[in-house]
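Trainee: Take this structure first; my questions come after.
Rule-based calculations on the coordinates, nothing more; no lab input. This is a predicted model, so every value here is computed, not measured. Heads up, the Cβs are rebuilt from the backbone with ideal geometry, glycines too, and the neighbour counts pull from every protein chain shown.
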């Protein structure tokens, strides 16, 4: 779970920003943060680069596909889909927490 699970709903519900704009802003903010994190991990020797192309290439392809699909969808569909994702994420979190608590 990342900052987008908080940022996007705040932008939409409190800021009155359209869903597509909120998601774009979240993705745009991710770029400099990920570069900083990547630099920090590299400096600390925490990067494993063996086989990385098998991760990067499909990720780029599916990212481009996701952008294309999201651009074609109405904002209301994105809003409902993201809401359903958050509800599902909450159920998974509650399940894992109850499982850990009950051992």
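Trainee: Per the helix-only calculation at 222 nm, which mean residue ellipticity applies to the chain, given -39500 (n - 2.57) for every DSSP H run of n ≥ 4 and division by its residues, nearest 500 deg cm²/dmol?
Mentor: For the chain, the value works out to -26500 deg cm²/dmol.
Trainee: Length gain on complete extension for the stretch residue 86 to residue 35, per 0.36 nm per residue less the alpha carbon to alpha carbon distance?
Mentor: Values: separation 51, 0.36 × 51 = 18.36 nm, distance 2.62 nm.
Residue separation times 0.36 nm, minus the Cα-Cα distance, leaves 15.7 nm.
Trainee: Let me ask another. Quote the FRET efficiency, to the nearest 0.05, computed for residue 48 versus residue 72 with a Förster distance R0 of 35 Å and r equal to the Cβ-Cβ distance.
Mentor: 0.45
Trainee: Roughly how compact is the chain, stated as its Cα Rg over 2.2 N^0.38 Å to two decimals?
Mentor: Details: Rg = 17.0 Å, N = 103, 2.2 N^0.38 = 12.8 Å.
The reported ratio for this selection is 1.33.
Trainee: Related question: Label residue 14 and residue 94 with points 7 Å out from Cα along Cα→Cβ: what is the distance between them in nm?
Mentor: 2.4
Trainee: Sort 67-79, 3-15, 28-40, 45-57 by packing, meaning the average of other beta carbons within 10 Å per residue, with the highest value first.
Mentor: 3-15, 67-79, 28-40, 45-57
Trainee: Could I ask something else about it? Residue 61 versus residue 27, label points 7 Å from Cα toward the beta carbon: distance in nm?
Mentor: Placing both labels 7 Å along Cα→Cβ, they lie 1.9 nm apart.
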